[in-house]
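Beneath this line is the structure, given in C-alpha cells, with notes to follow.
FYI, it's all coordinate maths here, none of it is from the lab. None of these values were measured; they are calculated from a predicted model. Here the Cβ is made from the backbone with ideal geometry for all residues, glycine too, and neighbour counts use every protein chain on show.
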C-alpha cells in the first residue's frame, strides 16, 4: 500500500504487483478495501478453505471460471473486462491492458504522440510495413515475419 494525500486526508492506495489476472483481482479487492474473507463470504464460500480459493485466484494458481468471474466483477464493482484473462483476439483486450499499464507504470506516457524516440521509431517502422501490406507490396506472411522478428529499439 502507498499513502496518497487528497483533500488533507490520507488514503491508502494498493500497489499493482503485476499485470496478471490474479494481480488485477487483488488490486481491485484492496482498492475497494475488501479482505479476502469479505470476497469469499460474498461468493458464498464456506469452510476452512474459503480464503484459500481467493488466495489461489490472486496468486494465479487457479483461474476463475466464467460464472465465478462474473460474480467477482459484481462483488468488486468492476467491469468484467478489467479482471478477465486477455487473449488479445479483440482490440478491447489491448485497451483494458493499457488501462492497467497506466496503473502499474503511472509515469509511462502512452499515446500516439509518444515522446520516446524508440517508440516513435517503432511506430514509424510498423506503419511503413502496415502500409506496404495494405498496398499489396508485401504478402501477409512477410508482414507477420517482420512483426515476429522486429527488435524494439534496434
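Take 84, 137 and order them by how many other Cβ atoms sit within 10 Å, fewest up front. If you can, show how the numbers build up before the last one.
Values: 84 19, 137 11.
Ascending number of Cβ neighbours within 10 Å: 137, 84.
Placing dummy labels 7 Å off each Cα toward the beta-carbon, the span from residue 31 to residue 89 is 2.6 nm. Computed from the Cα positions only, the extents of region 2-104 along the three principal axes stand at 41, 36, 21 Å, in decreasing order.
Specify whether the C-alpha gyration tensor of region 28-78 places it in the rounded, prolate or oblate class, a ≥ b ≥ c being the square roots of the eigenvalues: rounded for a/c under 1.5, otherwise prolate if a/b is larger than b/c and oblate if not.
Working: a/c = 1.31, a/b = 1.13, b/c = 1.16.
Since a/c stays below 1.5, the shape of region 28-78 is classed as rounded.
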